[in-house]
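Below is one structure; the comments refer to it alone.
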Amino acid sequence: MEPPISYSPQTGPIHLPKDGRPASVQVQHLVKTFDKIEAVKDVSFSIGEGEIFGLLGPNGAGKSTTINMMCSYLKPTTGDTIIDGLSVTHEPMKVKRVIGVVPQEIALYKDLNSLENLEFFGEIYGLSRQERKTRARDVLQFVGLYERRKDPIKTFSGGMQRRINLAIALLHQPKFLLMDEPTVGVDPQSREHIFATIEQLRDQGTTILYTTHYMEEAERLCNHIAIMNEGRIIAMGTLEQLLALRDQTREVQRPHGLQELFIQLTGKTLRD
Amino acid sequence: MRTIWYIAKKDLLQTLKDKNSFFFMLAVPLILIAVIGLAFGNLFGGTSSQITINVAVSNQDSGYVGAAIVNALQINADQLKITVHQYQNAQQVTDQVANSSDVNAGVVIPAGTTDNIIAAARNGTTPKNLVQFYALPSNNDPRATIVQNIVTGVISSQLAGSAAMGQVSGVCNQPGNHCAQNTINAQKIISSVGQASAAGGQSAVQSLTVGHATKINAFDQLVPGYAIFFALFGINAAAATILEEKEEGTFRRLLIAPIHKYALLGGKLLAQFILTLIQLSVLFAIGYLAFHLDVGSWPMLIALLVATSFAATGLGILLVSIVKTRRQLNPIVSLVVLVSSAIGGAWWPLFLEPQWMQSVAKLGLTAWAMEGLNGIMILGKDFTQILPDLLGLLAYGIICFVIAMRFFRFEQKTA
């Protein structure tokens with residue numbers, strides 16, 4: 001049995017136990033400062049190959065900024081991320097070829113149809129004509145929208161658009177998938193479909209970083225979970241390890257679920 | 001380079017699927033050009049140079065002077081056509097001038113006009129107020145002046161003939177001279193001298209041409225003017241696609257993909273350049289086929305359109321670099337386009353503006369483009385004469401690009 005882990009907002013990062021699996025992703029002391037505001041404060045963690053890692057936190061906790069640095073959209077003030085042995089800071093182009101990002105927003109060309117969107121992103125990722133054709137068919141079948149491949153995206157429901165959003169991220173068969181709140185605003189059926197897709201990807205060996213505000217999603221999907229607040233990771237471990245936590249200073253009882261723990265750790269103050 | 005083309009191709013595909021943008025790019029300018037060209041063609045000289053005039057005339061004179069005036073007014077030539085509408089009395093003539101917008105002037109020739117001219121000639125006096133000419137008060141219509149000049153010319157020539165007849169009679173009546181009865185035909189003498197007086201001068205002056213005429217066909221001005229005007233409005237749509245991609249998140253998604261950020265921007269700009277060039281080319285091609293545009297020189301026209309598209313693309317990215325949202329973009333583009341079009345010669349020939357305004361207009365790309373286009377299409381300039389405009393447009397585009405790259409933000413600045 002693994003020892004329960006402790007957390008400390010003051011002492012900084014807590015490294016994740018890897019369950020004996022090699023680390024596919026290593027986030028090393030990431031710091032990001034915008035003007036005088038430190039949005040991410042020395043964040044470090046690692047994700048084992050084929051794991052789903054949940055990154056939770058209230059609005060403004062620094063989750064998106066962390067993800068943006070991990071996928072090389074933002075340059076860290078200090079620190080680095082190693083993905084599949086490649087440095088994001090020093091080899092961004094190589095890293096971009098092995099990662100896929102499912103953005104929080106539905107980042108699709110809505111006047112174009114699914115195939116045209118996939119064709120375009122296939123070109124951008126340097127896939128050959130035959131690869132684009134094959135992979136587009138595969139990912140559309142994977143997300144259950146092959147029959148609607150020639151319909152403009154703007155005619156799709158929110159849930160269907162989310163699934164195409166995911167399909168584009170999978171097109172070039174990434175080893176590491178960053179999913180930033182991929183189920184926002186979708187109906188339960190589409191959400192269930194997305195969950196099944198993520199679990200299938202995990203079973204195929206894809207490493208996934210998953211952020212969400214829905215605690216039940218993290219409880220269901222994630223092998224390991226980190227909770228961020230005010231730019232720091234304040235707790236990290238498996239679900240069981242996190243639920244075993246007690247706030248020594250506040251004499252809080254063991255939480256009954258992740259939601260309760262989350263509120264205990266991050267407080268009840270409303271965030272912007 | 002391949003990535004740039006992929007991004008441009010995607011943008012072109014999106015535009016192809018947007019029927020509204022095509023309507024705005026091509027149909028709206030063509031409709032506007034046709035309507036304005038047909039409505040105000042005469043302001044620029046029109047496609048037809050014939051001036052048409054309608055005159056209301058009441059000829060109450062039974063002699064040859066009234067008939068001569070009516071004949072002189074009935075003109076149907078290449079440059080001038082006068083239609084004479086005859087009425088019984090002066091009241092009808094004045095009513096027509098006052099109330100009919102088709103009638104440009106009125107002439108009343110009272111009874112006895114011929115007799116009065118002959119009598120004045122015999123007496124050696126100058127007759128006054130023989131014929132009444134009517135026009136609207138404070139009228140600066142040049143067509144009324146044309147009619148007045150014709151009537152005055154006829155009266156003058158008849159007076160000259162009458163004066164000549166007076167001289168002949170004087171010679172016959174001098175002591176020692178004898179003119180046999182019925183050998184002096186007064187009417188023939190007056191008529192011959194009058195005709196010689198009226199027409200002799202015209203044949204004595206030879207009409208020649210030299211150099212290039214400043215020929216302004218309405219469509220030679222309107223097609224390039226409105227083509228440039230709408231091409232500049234087109235940068236609104238192109239610039240909006242960059243802002244839209246930023247707002248929708250696709251720009252970020254592309255920046256996360258394995259492409260260089262300048263390739264991303266290059267693709268967007270290439271699409272805008274191609275769209276602007278297509279828009280200008282189609283409008284000029286239709287202008288040539290439908291409105292008989294005088295393009296002057298096709299190679300020079302193409303060079304100017306390419307340079308204009310380049311400069312417009314630069315202006316587009318400059319605007320995108322200084323605004324943050326599509327909502328901010330619309331009023332700024334409208335202001336820039338309307339002001340630069342107004343003073344830059346899009347709506348009237350640039351060379352008609354005062355020199356200082358032409359200089360100020362060079363701050364916008366419209367003036368460079370229109371100076372070059374007016375040069376080859378209206379003023380008949382050669383390549384060396386429009387080279388400054390070509391270089392001006394290229395420099396304009398480069399300056400815009402340099403400034404835009406200083407301010408353009410690829411990534412977010414805040415968390």
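To the nearest 10 degrees, how steep is helix B:383-407 against the longest Cα principal axis of chain B, on a 0 to 90 scale?
40
What nm distance separates the two modelled labels at B:GLN60 and A:GLN173, each placed 7 Å from Cα along Cα→Cβ?
Label at B:GLN60, label at A:GLN173, 10.7 nm between them.
Could you pull out every residue, at least 5 positions away or on a different chain, whose amide H is within less than 5 Å of the one on A:ASP187? Hs are placed 1.01 Å off N in the peptide plane, and Pro or chain starts have none.
A:GLY159
Amide H to amide H, which residues 5 or more places from A:ASP42 or on other chains are under 5 Å from it, using H placed in the peptide plane?
A:VAL31, A:LYS32
Can you list, bin by bin at 10 Å, the percent of alpha carbon pairs in the stretch B:51-204, starting at 0?
11, 36, 31, 15, 6, 1, 0
Given R₀ = 41 Å, what would the calculated FRET efficiency be for B:ALA395 paired with B:LYS17, taking r from the Cβ atoms and rounding to 0.05?
That pair, B:ALA395 with B:LYS17, gives E of 0.70.
Please tell me the relative contact order of chain B in percent, rounded to the nearest whole number, where contacts are Cα pairs under 8 Å and at least six residues apart. If you can, show how the numbers build up before the last one.
On the way: 561 pairs, mean separation 70.6, N = 415.
About 17 percent, as a whole number.
Which of the aspartates and glutamates could a cross-linker bridge to B:LYS381, judged by Cα under 17 Å and excluding same-chain residues fewer than eight apart?
Hits, sequence-local ones excluded: B:ASP220, B:ASP294, B:GLU371, B:ASP389.
Using the number of other C-beta atoms within 10 angstrom as an exposure proxy, rank B:ILE278, A:ILE106 with the fewest first.
B:ILE278, A:ILE106
Average projected area of the Cα convex hull of the stretch B:318-388, in nm²?
Convex hull of Cα atoms, orientation-averaged projection: 5.5 nm².
Aspartates and glutamates within cross-link reach of A:LYS63: Cα-Cα under 12 Å, excluding same-chain residues under 8 positions apart?
Of all the aspartates and glutamates, those that pass the test against A:LYS63 - Cα under 12 Å, at least 8 places apart if same chain - are A:ASP180, A:GLU181, A:GLU230.
Given points 7 Å out from each Cα along the Cα-Cβ axis, report the B:VAL282 to B:ASN177 separation in nanometres with one decimal.
Reported label-point gap for B:VAL282 and B:ASN177 is 8.2 nm.
When the helix-only estimate is applied to the protein assembly as shown (DSSP H runs of n ≥ 4, each -39,500 (n - 2.57), divided by the residue count), what is the mean residue ellipticity at 222 nm, nearest 500 deg cm²/dmol?
-17000 deg cm²/dmol
Identify, among B:SER334, B:ILE228, B:THR94, the residue whose Cα sits farthest towards the positive end of the charge dipole of chain B, taking +1 on the Cβ of Lys and Arg and -1 on the Cβ of Asp and Glu, with the dipole about the Cα centre.
Among B:SER334, B:ILE228, B:THR94, the one farthest towards the positive end of the dipole of chain B is B:SER334.
Which ³J(HN,Hα) values in Hz, rounded to whole numbers, follow from the phi angles of the stretch B:361-377 under the Karplus curve 6.51 cos²θ - 1.76 cosθ + 1.60, where θ = phi - 60° and Gly and Pro get x?
Per-residue couplings from phi come out as 4, 5, 5, x, 6, 4, 4, 4, 5, 6, 4, x, 5, 4, x, 7, 8 Hz.
Taking amide H atoms as placed 1.01 Å from N in the peptide plane, list the residues 5 or more away in sequence, or in a different chain, whose amide H sits under 5 Å from that of A:LEU178.
Result for A:LEU178 returns A:GLY100, A:VAL101, A:VAL102, A:LEU209.
What list of ³J(HN,Hα) values in whole Hz, one per residue of the stretch A:90-107 in order, does the Karplus curve 6.51 cos²θ - 1.76 cosθ + 1.60 (θ = phi - 60°) give from phi, with Gly and Pro shown as x?
Working through the residues one at a time gives 9, 10, x, 5, 5, 4, 4, 7, 9, 10, x, 10, 9, x, 5, 8, 7, 8 Hz.
About the Cα centre, and with charges only on the beta carbon of Lys, Arg (+1) and Asp, Glu (-1), how big is the dipole of the protein assembly as shown? Nearest 20 debye, please.
600
Calculate one ³J(HN,Hα) per residue across the stretch A:36-43 by plugging θ = phi - 60° into the Karplus curve 6.51 cos²θ - 1.76 cosθ + 1.60, and present them in order as whole Hz with x for glycine and proline.
Couplings: 9, 9, 8, 7, 10, 10, 6, 8 Hz.
So for the stretch A:23-266: antiparallel DSSP bridges make up what percent, rounded to the nearest 5?
About 55 percent, rounded to the nearest 5.
If exposed means no more than 16 neighbouring beta carbons inside 10 Å and the site is in a DSSP loop, what's the longest run of chain B without any exposed trypsin sites (Lys or Arg not before Pro)?
B:1-127
Using the eigenvalues of the Cα gyration tensor, what equivalent ellipsoid semi-axes result for the stretch A:23-266 when each is taken as the square root of five times the eigenvalue, whole Å, largest first?
One finds semi-axes of 31, 21, 16 Å for the stretch A:23-266.
Hull surface divided by four, with the convex hull built on the Cα atoms of the stretch B:283-415: how many nm²?
Details: hull surface 37.7 nm².
Dividing the Cα hull surface by four gives the mean projection, 9.4 nm².
Quick check on my link table: of B:LYS10/B:LYS324; A:LYS175/B:LYS324; A:LYS94/B:LYS17; A:LYS150/B:LYS324, which ones sit more than 25 Å apart, alpha carbon to alpha carbon?
A:LYS175/B:LYS324; A:LYS94/B:LYS17; A:LYS150/B:LYS324
Compactness ratio of the stretch A:150-223: Cα Rg over 2.2 N^0.38 Å, N = residue count?
On the way: Rg = 12.3 Å, N = 74, 2.2 N^0.38 = 11.3 Å.
Cα Rg divided by the expected 2.2 N^0.38 Å: 1.09.
Looking at the protein assembly as shown, I'd like the Rg to Rh ratio, where Rg is from alpha-carbon atoms and Rh is Kirkwood's inverse mean 1/r.
1.31
Which residue, chosen from A:HIS90, B:HIS85, B:VAL154, occupies the Cα position most advanced towards the positive end of the dipole of the protein assembly as shown, where the dipole is computed from +1 (Lys, Arg) and -1 (Asp, Glu) charges on Cβ about the Cα centre?
A:HIS90
Could you tell me the ratio Rg/Rh of chain B? Both radii from Cα atoms, Rh via Kirkwood. Show your work: numbers first, answer last.
On the way: Rg = 33.1 Å, Rh = 26.5 Å.
Here the Rg-to-Rh quotient is 1.25.
Quick check on the protein assembly as shown: of the DSSP beta bridges with both residues there, what percent are antiparallel, nearest 5%?
45
Considering only DSSP beta bridges with both partners in the stretch B:51-204, what is the antiparallel share in %, to the nearest 5? Before the final figure, lay out each step's value.
On the way: 4 of 16 bridges.
Once the DSSP bridges in the stretch B:51-204 are tallied, antiparallel ones form about 25 percent.
Read the figures in this text as sums done on the coordinates, not as results from a lab. It should be emphasised that the depicted structure is a prediction, and the values quoted were computed from it without experimental measurement. When we count neighbours, we look across all protein chains shown, and the Cβ atoms used for this are built from the backbone with ideal geometry, even at glycine.
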